[in-house]
Amino acid sequence: MPVISPSAFASPASKAANDLATLVPAALREKVRRLERANSVQRSGKAAAVPLGIAAIDALLPEGGLLTGALHEIEAGPCPSGRVAPHDGAALGFAAHLLGRFGPGTILWCRRPTGRFDAPPYASALSPWFDPARLLMVTAHRDEDLFWAMEEGLRCPGIAAVLGETRAADPTAGRRLSLAAEKNGVPALLLRAQPAPPQSVCATRWRIASAPSCSTPGLKDVGAARWRLELRRNRFGTPSAAETPSWLLEWNDETHCLAVVPQALHGSSGARFEERLVG
């Protein structure tokens, strides 16, 4: 049976344009896409990127911060024991830190209960990062409903950021969320407490795990919370294909900021601080 290609009906001019498009370098196409994204975000009255407040990390990110009109993925990493604990609050804490960095407005948090002992985020625990009164919780019984609520939230005025807490990985839903975030200039976050297939369309992918905290020498107190942070995907920033950048971060309750722990204070064989796992 003969097969007729749609290109057979194309005009010579359109054929020539398509041939020229294939010759455009990928780097140039990506640069044009980033400019279009920045213009889209500026039209919505928001900044193209929001700094995390950590110079070592912001230097690797495009525009010096986390892109607002994009999809970002946060996943829990293994603890020092090697297990991924579903109750580990490191990934949730980092997600709350990112939500607090975005502008004023309502924070839409969509989640699907995972079991009998599953509990929603505790408002008092989120208060160090943002006002819990800004939080709007949506509970979905199906993954399809969760992704639908996230996509609709990205289109609503007054929404500062949208977070989805789920184990599911739907490439089609991921592309729709990425396009909706890009069009409206609202950041979308996917929080995964358990390992799941990654979304290829996300701008950044972070893996966070609790790290041992150092107590005060001579005391048996519990030190500040520490997290081991890995940047496993950086689509529009500094290429990191050779290695995965990682940092040891510490939360300061007084300044409400994260800071990189200097190498001299961790990983040293001469360190005499007692370590305990917190956060």
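Checking ARG207 against (1) surrounded by fewer than 21 Cβ atoms within 10 Å (Cβ to Cβ); (2) touching a Leu at 6+ places or on another chain (Cβ under 9 Å); (3) at pLDDT 85 or above, which single condition isn't satisfied? Among (1) surrounded by fewer than 21 Cβ atoms within 10 Å (Cβ to Cβ); (2) touching a Leu at 6+ places or on another chain (Cβ under 9 Å); (3) at pLDDT 85 or above, ARG207 violates only (1). Scanning the range 235-256 for residues that are buried (at least 17 other Cβ atoms within 10 Å of the Cβ) and at pLDDT below 75 yields a total of 0. Hey, among the residues in the range 210-234 that are of a type in the set (Ser, Thr, Tyr) and part of a loop (DSSP other than H, G, I, E, B), which one's modelled with the lowest pLDDT? The qualifying residue modelled with the lowest pLDDT is THR216.
Taking the range 155-176 as the range and being farther than 22 Å from PRO113 by Cβ and outside any loop (DSSP other than H, G, I, E, B) as the test, the residues that pass are ARG155, ILE159, ALA160, PRO171, THR172, ARG175, ARG176. For the range 194-204, taking the residues that are closer than 22 Å to PRO245 by Cβ and among the polar types (S, T, N, Q), the one that is modelled with the highest pLDDT is identified as THR204. The residue list PRO157, PRO171 contains one member that is within 23 Å of ASN234 (Cβ to Cβ) and out of contact with any Lys or Arg (no Cβ under 7 Å at 6 or more places or on another chain), which is PRO171. The set of residues in the range 89-115 being open to solvent by 20 Å² or more (accessible area, probe 1.4 Å), over 20 Å from ALA259 (Cβ atoms) and either in contact (Cβ under 8 Å) with a residue 24 or more places away in the chain or touching a Gly at 6+ places or on another chain (Cβ under 8 Å) (or both) consists of GLY103, PRO104, GLY105, THR106, ARG112, PRO113, THR114. Scanning the range 40-79 for residues that are closer than 16 Å to ALA91 by Cβ, at pLDDT below 85 and touching a Ser or Thr at 6+ places or on another chain (Cβ under 7 Å) yields a single hit, CYS79.
Scanning the range 89-138 for residues being outside any loop (DSSP other than H, G, I, E, B) and of a type outside the set (Lys, Arg) gives a total of 26. A Cβ distance below 7 Å, combined with a sequence gap of six or more or placement on separate chains, defines the contacts here; from the range 124-153, residues that are under 29 Å from ASP170 (Cα atoms) and touching a residue at least 12 places away in the same chain (Cβ under 8 Å) reach residues that are of a type in the set (Asp, Glu) and not in a helix (DSSP H, G or I) in the pairs ASP143/ASP170; PHE147/ASP170.
The values are calculated or read from the model by the stated rules, or taken from the named source; none is laboratory data. Note that the structure is a prediction, hence the values are computed from the model and not measured. Don't worry about glycine lacking a Cβ; one is built from the backbone with ideal geometry, like all the others, and counts go over all protein chains shown. Surface accessibility is based on the protein's heavy atoms, side chains included, excluding ligands, DNA and RNA. Shrake-Rupley method; radii C 1.70, N 1.55, O 1.52, S 1.80 Å.
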